[in-house]
Amino acid sequence: MRITFICADLEENLGVGILAAIAEEAGHRVKIVPFNDASETGEVVERALRRRPDVIGLSIQFQHRAPEFLALAQALRGAGYDGHITSGGQFPTLAWRQTLAPENGVDSVVLHDAEDSFPELLRSLEAKEDLATIPGLALRLDGEPRRTAERPLLDDLDAVPFPKRYRSHNQHMGIPFIPILGGRGCWGKCSYCSIIAFYDDAIEGAGGRKVRLRSPENVAAEMALLLENAGGQAIFCFHDDNFIFPGEKFSLKRIRAIREALDEYGVGKVAMVGKARPDCVTPALARELAELGVIRLYVGVENGSEDGGDHLRRGTQQAHVREAMKACREAGIFVCYNLLVFEPGATVADVRDNVQFIREHADHPVNFCRAEPYFGTALHLELNRDQDLGGSYLGYNYRIDDDRAELLYRICAAAFQERNFAPRGVANRYMGLGYAANVLRRFCDRDGDSEVLQRRATLLTRAISRDTADYLEKAIALAEAADLADPDAILRKTALLGLEIAAADRHWHAELDSLYDDMRAFAAGAAEVSVLRLAPTAKFHRLKRSMAVGFAVAASIAAIDGCGSDTMVVDPAPGGMGGEGGRGEGGMVVDPAPGGMGGMGAEGGAGGGMGGEGGMVVDPAPGGMGGMGGEGGQAALGPEGKRKLRLIDQWFDTSPKKVARSLELPLHQPPKPTLEARRKGDLIEVEIAGLPEQLAVTTRWEADGDVIGEGRKVCWRPGHDADRIRVAVRSRGGIAIVSRSTRVTS
């Protein structure tokens, strides 16, 4: 059979890679089509149908991408596709009834782990057998969505084939960046987390262990094979839900065992990254992790207020959080984090606690957002019981209990929108500074000559963190002093605050440009460093012979060698933003694969985006206004052939996009404009786009340089390449601030 997977592909999609390997072993022919942005829908439909597939598999991991994937399924049906469409991942597993609604055109959902369910689905489709006999599916039976018999979670992860590596690895500062899975599952109880809901649903249905690990030997074998094909140096990003565990001794034993197994295969210096709960990080563990090559951990802080953490059921105390941050900093492990500042029980005092936390930990880059009630999570179920949620299964809205905290959220959602969540916003760019510096120190340093870049990264990170804290305090002051009976004044002051933040961002962008340029130059100019590379042992050669058939990597990945290497890929990603074109400095997934659809739902990224210089995060934004990321981006060609740079990782605004907030407070439905720019001689024509013509708006333009005109279209004469133009757009529903650099679309 011909199988086409459609998935996010900002980075190699491990979940789809696993299912592709399984399907190919069974004799099926597989194609993987990246889908990173709604604007690619038409192209993706055309590419997906080109081979006339018998089955199309949609990897729908995150709720904020669900509207785009379900619209894609409808577009496939509209284009005449009459084959079987299946889907998998956290979202369709939890929202299986809604996903199977007739208007979506989806025939089946593969629930939870899919290493057994998916090949059985293919066999039954090929033999035209009854799909209802296959455990672990959701189907429309007699016109109604129903689940088949439950299937327990997969227990033996060593039995899972290594993922098919269907395209070249991204690079961070010239070093191949390779995602890998060492385990699945989390023991936490966080109310907002769809990973927890995903596993709880499986265990309630048929049982299984919540946390499952591959053996150190199995992990090391895959790493050794990947390292050889990557040219002998690599950064391995473990997309496990948890890289370390509550017991310090167990965590150290596991990491040491992986290192010892690597030694047996002749693997030398590598770097590793992962994610951790703060209550698992101790000073001794952090020191040994650093010695073993861990250069970065995403530490799940989530809230800097004791009450806020309790509201979200984090199960950790602020003492744990602060100790973990300090331990990583002293060990030289890069840390960045997200704050779910806004949650249903938040107060202005809680937000102040988070501001203080940002100041205390200014060396670590941060983004902040709202906790979103993702479908099927405890937060969603509880809020649905307590209040009338706006929106639908594709995205719910809620109101914070405290009026001033709700107003503060709305002010921040407008004023910080570009800084926090624009693809090339300041927060998304500065997330990667410390990580990029650690990559240079590990792979390109000679006698400490990267330390000056490390110091610059720390100072700039600290300055931006404190600047964010300052502006968040200004937002608090605005919300506390606001006269709720004077919404006009609130809108006006919100617009001024947003413009002030956008003006400050011009300075930070210039600083970021300068430092990232110097980092890339350092990487490109570094001579070959004397490091231990792969020195294959007899054990490695036996491994390679045994995997000759099952490990589909060598034919599709070029050897990439050395700091700042410009080696081009032999077989580029199969289209979209999957990696066509030249090489930038990054690209990276924003969430670990929890194993949904065998990992079919384990996306290699949660959306599109331009950007790139260094940085990395392995967790999605767990809340609206939310997403997180850094810089670095593998160069790619966009739909019109223009060169794009993909972010290594990125925080996205995952709040519902078409839902009005409650009307008793201002900023209930802000406009969502974009800016288009065209060069005309020495002027740049800038026009507000993305708004209905009938929507009445007023504008306030500001710029570095001269602005000529007013309204929805102006002419701009910048004085410098680093200049930016910005505008506050006001409608009856609220305020939006957008800006552009001197780069234009034509």
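The values are calculated or read from the model by the stated rules, or taken from the named source; none is laboratory data. Just so you know, these numbers come straight off a predicted model, no measurement behind them. A quick note on method: Cβ atoms are made from the backbone with ideal geometry, for glycine too, and the neighbour counts reach across all protein chains shown. What goes into the accessible areas is simple: the full protein's heavy atoms, side chains included, and nothing from ligands, DNA or RNA. Shrake-Rupley method; radii C 1.70, N 1.55, O 1.52, S 1.80 Å.
If the condition is being among the aromatic types (Phe, Trp, Tyr), open to solvent by less than 10 Å² (accessible area, probe 1.4 Å) and outside any helix (DSSP H, G or I), then segment 327-359 contributes Tyr337, Phe342. Kindly establish whether Ser87 is open to solvent by less than 20 Å² (accessible area, probe 1.4 Å) and in a helix (DSSP H, G or I). The answer is no for Ser87. The residues listed here are Ala414, Ala427, Ala405; of these, the one that is part of a helix (DSSP H, G or I), touching a helix residue (DSSP H, G or I) at 6+ places or on another chain (Cβ under 8 Å) and closer than 30 Å to Met173 by Cα is Ala427.
Annotation for segment 290-308: at least one member residue is in contact with a strand residue (DSSP E or B) (Cβ under 9 Å, 6 or more places away or on another chain), more than 28 Å from Asp467 (Cβ to Cβ) and open to solvent by 20 Å² or more (accessible area, probe 1.4 Å). Among the residues making up segment 655-689, those that are open to solvent by 50 Å² or more (accessible area, probe 1.4 Å) and under 30 Å from Ala405 (Cβ atoms) are Lys657, Lys658, Leu663, Glu664, Gln669, Lys672, Thr674.
For Asp82, indicate whether it is at pLDDT below 95 and surrounded by fewer than 24 Cβ atoms within 10 Å (Cβ to Cβ). Considered against the rule, which asks whether it is at pLDDT below 95 and surrounded by fewer than 24 Cβ atoms within 10 Å (Cβ to Cβ), Asp82 comes out as no. Tell me which residues, restricted to segment 394-415, are over 26 Å from the mean Cα position of the chain (by Cα) and open to solvent by 10 Å² or more (accessible area, probe 1.4 Å). Those that are over 26 Å from the mean Cα position of the chain (by Cα) and open to solvent by 10 Å² or more (accessible area, probe 1.4 Å): Asp401, Asp402, Asp403, Arg404. Only one of the numbered conditions (1) of a type in the set (Gly, Ala, Ser); (2) open to solvent by less than 40 Å² (accessible area, probe 1.4 Å); (3) closer than 28 Å to Arg700 by Cβ is not met by Ala485, and that is (2). Do we find that Ala362 is at pLDDT 95 or above, of a type in the set (A, V, I, L, M), surrounded by fewer than 22 Cβ atoms within 10 Å (Cβ to Cβ) and not in a helix (DSSP H, G or I) in this structure? Yes. Could you list all residues from segment 81-116 that are in contact with a helix residue (DSSP H, G or I) (Cβ under 8 Å, 6 or more places away or on another chain) and among the small types (Gly, Ala, Ser)? Of everything in segment 81-116, those that are in contact with a helix residue (DSSP H, G or I) (Cβ under 8 Å, 6 or more places away or on another chain) and among the small types (Gly, Ala, Ser) turn out to be Ser87, Gly88, Gly89, Ala95, Gly105, Ser108, Ala114.
Only residues that are closer than 19 Å to Lys269 by Cα and within 26 Å of the chain's Cα centre (by Cα) were counted across segment 206-223, and they come to 4. Screening Lys189 against (1) in contact with a helix residue (DSSP H, G or I) (Cβ under 7 Å, 6 or more places away or on another chain); (2) open to solvent by 20 Å² or more (accessible area, probe 1.4 Å); (3) part of a helix (DSSP H, G or I); (4) closer than 24 Å to Arg313 by Cβ leaves a single unmet condition, (3). Counted as qualifying within segment 210-305 are the helices (runs of 4 or more DSSP H) with 2 or more residues that are over 26 Å from Arg165 (Cα atoms), namely 248-265, 283-291.
Do you know which of the residues in segment 365-387 that are within 21 Å of Asn338 (Cα to Cα) and of a type in the set (S, T, N, Q) is surrounded by the most Cβ atoms within 10 Å (Cβ to Cβ)? Residue satisfying both the conditions and the ranking: Asn367. A count restricted to segment 57-79 and to residues that are buried (at least 18 other Cβ atoms within 10 Å of the Cβ) and either outside any helix (DSSP H, G or I) or among the aromatic types (Phe, Trp, Tyr) (or both) stands at 7. Scanning segment 130-185 for residues that are open to solvent by 20 Å² or more (accessible area, probe 1.4 Å) and not in a loop (DSSP other than H, G, I, E, B) yields Leu131, Ala132, Thr133, Arg140, Leu141, Glu144, Pro145, Arg146, Arg147, Asp158, Ala159.
Within segment 266-277, identify whether any single residue is touching a residue at least 12 places away in the same chain (Cβ under 8 Å), crowded, with 19+ Cβ neighbours inside 10 Å, under 12 Å from Ile244 (Cα atoms) and among the small types (Gly, Ala, Ser), and answer yes or no. There is at least one residue in segment 266-277 that is touching a residue at least 12 places away in the same chain (Cβ under 8 Å), crowded, with 19+ Cβ neighbours inside 10 Å, under 12 Å from Ile244 (Cα atoms) and among the small types (Gly, Ala, Ser). Taking the criterion of being without any contact (Cβ under 8 Å) to a residue 60 or more places away in the chain and among the small types (Gly, Ala, Ser), the residues of segment 702-733 that qualify are Ala703, Gly705, Gly709, Gly711, Gly719. For Asp505, state whether it is out of contact with any Leu (no Cβ under 7 Å at 6 or more places or on another chain), surrounded by 23 or more Cβ atoms within 10 Å (Cβ to Cβ) and touching a residue at least 40 places away in the same chain (Cβ under 8 Å). So Asp505 passes the test. Checking Leu125, Leu157, Leu181 one by one, the residue that is touching a His at 6+ places or on another chain (Cβ under 6 Å), within 30 Å of Asn438 (Cβ to Cβ) and of a type outside the set (Gly, Ala, Ser) is Leu181 and no other. Taken over segment 116-129, the residue count meeting the criterion of being in a loop (DSSP other than H, G, I, E, B) and not basic (Lys, Arg) is 2.
Identify all residues within segment 78-87 that are under 16 Å from Arg140 (Cβ atoms) and touching a strand residue (DSSP E or B) at 6+ places or on another chain (Cβ under 8 Å); write none if there are none. Result: Gly83, His84, Ile85, Thr86, Ser87.
Take Gly105 and decide whether it is among the small types (Gly, Ala, Ser) and modelled with pLDDT under 95. Judged against the criteria, Gly105 is not a match. Among the residues of segment 1-35 satisfying the criterion of being of a type in the set (Asp, Glu) and in a helix (DSSP H, G or I), which is most open to solvent (accessible area, probe 1.4 Å)? Going through the qualifying residues, I end up with Glu25. Answer with yes or no whether Arg47 is touching a Lys or Arg at 6+ places or on another chain (Cβ under 6 Å), open to solvent by 10 Å² or more (accessible area, probe 1.4 Å) and modelled with pLDDT of 95 or more. No: the conditions fail for Arg47. Elements of the type strands (runs of 3 or more DSSP E) sitting completely within segment 667-746 and holding at least 1 residues that are on the phi < 0 side of the Ramachandran plot and aromatic (Phe, Trp, Tyr): these cover 698-703, 713-717.
Sub-7 Å Cβ pairs linking a first residue in segment 151-167 that is more than 18 Å from Gly185 (Cβ to Cβ) to a second residue that is of a type in the set (Phe, Trp, Tyr) and not in a helix (DSSP H, G or I), at least 6 apart or interchain, are Phe162/Phe551, ordered by first then second residue.
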